[in-house]
Amino acid sequence: MTSELPEWFQRVFSTSRFTPYLDVSGRNVTRAWRLYRWNVEVSEAFCGPLHCLETGLRNAEHDQLRSRYGRADWWEVAPLRKHDARKIAKAQDDLRRRSGGSCTADDVLTELSFGFWVSLLSQAYDRHFWVPALHRAFPRYSGRRGELRDNLQAMVLLRNRIMHHEPIHHRHLAADHAKIYRLLGYLEPEVAPWLRRFDRVPETLARRPKGDHGDGQA
């Protein structure tokens, strides 16, 4: 079946990468081809909303922890778990290696991953971070820390699939999209109307190819 694919596609993207798309398209190459292309488009569309969520979370948490510890490099005195402290150390080492010198707190801030900021909402940090400081990063949220953390972690997983060019077509993408806006609303409600002006996710979801047999409920 894959012999119907353009030769350049097989050479650049590989037939093994295409197999999951064939599997959900009834082994129909034409439908699988459309689904593959749409997966690229919808992945690209999600980058904008995820950018806003990751950046907003990072800055909101950083502001609260900087205030709590009285310094921009709060990680130097905060009781981080070894795993998270190693992420800080790696970020600093990478920055120094690239610049050939020192790095600022702002440099480290932008080097740290989405997953790092979500990890600060773990139960292990309840006493040191969440209760005294990080709950203020979400002024419109009144639920449990664990539920918030789990919802954010789900967005980290979505983001990682997109960044590693994996299939996301099988997910309930409309629910993912709504979750991003809900989480943004906990941080700053005014982001939503600004983002909606150029958010291409809704129109891309509406153009999902028909007949791929995916349930979109993962």
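The values are calculated or read from the model by the stated rules, or taken from the named source; none is laboratory data. It should be emphasised that the depicted structure is a prediction, and the values quoted were computed from it without experimental measurement. Every residue, glycine as well, gets a Cβ built from its backbone with ideal geometry; the counts of neighbours run over all protein chains shown. When the accessible area is computed, the model is the full protein with side chains, heavy atoms only, and any ligands, DNA or RNA have been set aside. Shrake-Rupley method; radii C 1.70, N 1.55, O 1.52, S 1.80 Å.
Side notes on the structure shown:
- Per-residue extension of 0.36 nm, minus the Cα-Cα distance of Glu4 and Ser99, leaves a gain of 29.4 nm for this segment.
- Check: the chain dipole with +1 on Lys, Arg Cβ and -1 on Asp, Glu Cβ, in debye: 240
- Residues of segment 54-94 with amide N under 13 Å of a point placed 7 Å along Cα→Cβ from Arg136: 60-71
- Cα gyration tensor shape of segment 89-140, rounded if a/c is under 1.5, else prolate or oblate by comparing a/b with b/c: prolate
- The chain - Debye-derived log10 I(q)/I(0), Cα point model, q = 0.15 Å⁻¹: -1.01
- Burial order of peptide ranges 25-37, 109-121, 77-89 (average beta-carbon count within 10 Å, highest first): 109-121, 25-37, 77-89
- Calculated accessible area for segment 40-159 comes out at 51 Å² per residue, all protein chains present (probe 1.4 Å; ligands, DNA, RNA ignored).
- Ligands, DNA and RNA left out, the accessible area of segment 93-200 computed with a 1.4 Å probe is 47% carbon and sulfur.
- Karplus 3J(HN,Hα) series, Hz, for segment 118-126 with 6.51 cos²θ - 1.76 cosθ + 1.60 (x for Gly, Pro): 5, 5, 6, 9, 5, 4, 4, 9, 3
- A full extension of the chain between His164 and Val29 corresponds to an added length of 46.3 nm, given 0.36 nm per residue minus the alpha carbon distance.
- Cα gyration tensor shape of segment 6-46, rounded if a/c is under 1.5, else prolate or oblate by comparing a/b with b/c: oblate
- Chain lengthening between Arg66 and Arg197 when straightened (0.36 nm per residue, less Cα-Cα): 43.9 nm
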